[in-house]
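Just below is one structure, and these are the notes that go with it.
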Amino acid sequence: MQQQITDRFVSVFSKNATGLYFAPGRVNLIGEHTDYNDGFVFPCALEFGTYVATSVRGDNVIRVCAGNFGDEFNEWTLNADVTTDEACLWSNYLRGVCAILLAQGHTLKGLDVYIEGNVPRGAGLSSSASLSVAFAKALSDINDLGLTVSDLARIAQSAENDFAGCSCGIMDQLASAGGKDGHALLLDCRDLSFDLVTIPDHLDILIIDSRVERNLVGSEYNDRRADCERAARIMGVNSLRDATLEALKQNRAQLDDLAYRRARHVLTENVRTLSCAEALKAGDMPRVYQTMHDSHLSMRDDFEVTVPEIDFIVETVDAQLDNDGGVRMTGGGFGGCVVALVPNDKAHAIEAEVKAKYAEKFAKEPNVYHCKAKDGARAILT
Ligand code: GLA
């Protein structure tokens, strides 16, 4: 893929790329819809991601060509107000990163940029976070900004929130920026501190894409967020992180049913996330199984973000686990992927079983990826 990108750069710009940067997509093991409630998440970075090939120009123009969008071009000037381009939505993630860095007072060099990624799009594996984090990493290195993992994540998140119209939390960007080979990140979204937890070698991360496409921008995601904020407001706390299950019960009469159930998901999910990370550290697989199992049910029944295809995949994998792994929906929901931690020697049998049963019921095959946790954003060629 790297060679392909630098070759494409030459054919598009008729010169060599002098920089190549990469940031991965992510999968979340547990801790869903907790990030924007200042809670805990437990994602890891993947092998798939977005590559950004660059060459510095002599002016203050950013000119980008996007391989995933039929080599479409887009450009903007760095001294004017950088605004969104409604006719070229992918460019807004990058325009956002530039605008935020300029607003922070940084000086940026003009660049020719070729971008291409291999994160399955629309599957909920954070192709967009990998795009904005990879670009932020490129700008940081090229302009000697020395941005840290949390700086990169915050800038990429603001770009999505303010320029791409998605009010996502910070999990995807943080996992993409700070991932570590062989580890998952137990991240506290309140202060962005994280602990690295080793994923034992005998476990595969199986990602099963239902191929029910989800689109977070303009979706029910923002409604869920509003339900959580309403619950926090009624309970008199700044965010659900400051609420307890006891307080939730005491406030039950004041809360509408939706706010109550959304908050119950978030509060119990925080407990499960900490418990799952601890269990993985201790090699306690029955507890890993239980926390992931309960997480799925809570997303299905309280947070209501699963769809029948996803529930079916989870049940099919679940039937083949024997307290030796775990399975649940991952990501924002309404389609997308299931994540499973499974023993290596069972992974292919589980894949075959899920493919056959899913095809029988839904007349299409899911895409299955066998993954390991990988490193976060990095320079490949400078
Ligand atoms: C999407 C968002 C994340 C997070 C998850 C749900 O992936 O981008 O910030 O909220 O949904 O856990």
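Got a sec? Which residues in segment 326-348 would a label at E360 touch, if it sits 7 Å along Cα→Cβ and we count backbone N under 19 Å? Counting only backbone N, you get 348. Among L186, L274, the order of accessible area from largest down is L274, L186, computed with a 1.4 Å probe on protein heavy atoms.
Leaving ligands, DNA and RNA out of it, report the carbon-plus-sulfur percent of the accessible area of the chain at a 1.4 Å probe. Here it works out to 45 percent. Each Lys and Arg adds +1 at its Cβ and each Asp and Glu adds -1 at its Cβ; summed about the Cα centre, segment 11-102 shows a dipole of about 380 debye.
In whole angstrom, note down how far apart the Cα centers of segment 84-122 and segment 133-197 are. So the separation of the two Cα centres works out to 15 Å. Treating each Cα of the chain as one equal point scatterer and applying the Debye formula with no solvent, the log10 of I(q)/I(0) at q = 0.07, 0.08, 0.10, 0.11 Å⁻¹ comes out as -0.31, -0.41, -0.63, -0.76.
In a reduced charge model with +1 at each Lys and Arg Cβ and -1 at each Asp and Glu Cβ, the chain shows a dipole moment near 320 debye about its Cα centre. Per residue, the solvent-accessible area of the chain (1.4 Å probe, heavy atoms of protein chains only, all protein chains present) comes to 39 Å². Between segment 45-82 and segment 332-350, the alpha-carbon centres lie 34 Å apart.
The values are calculated or read from the model by the stated rules, or taken from the named source; none is laboratory data. Since the structure is predicted, the reported quantities are computational estimates derived from the model, not experimental observations. Reconstructed Cβ throughout: ideal geometry from the backbone, glycine too, with neighbour counts over all protein chains shown. Remember, those area values only see protein heavy atoms, side chains included, never the ligands or the DNA or RNA. Shrake-Rupley method; radii C 1.70, N 1.55, O 1.52, S 1.80 Å.
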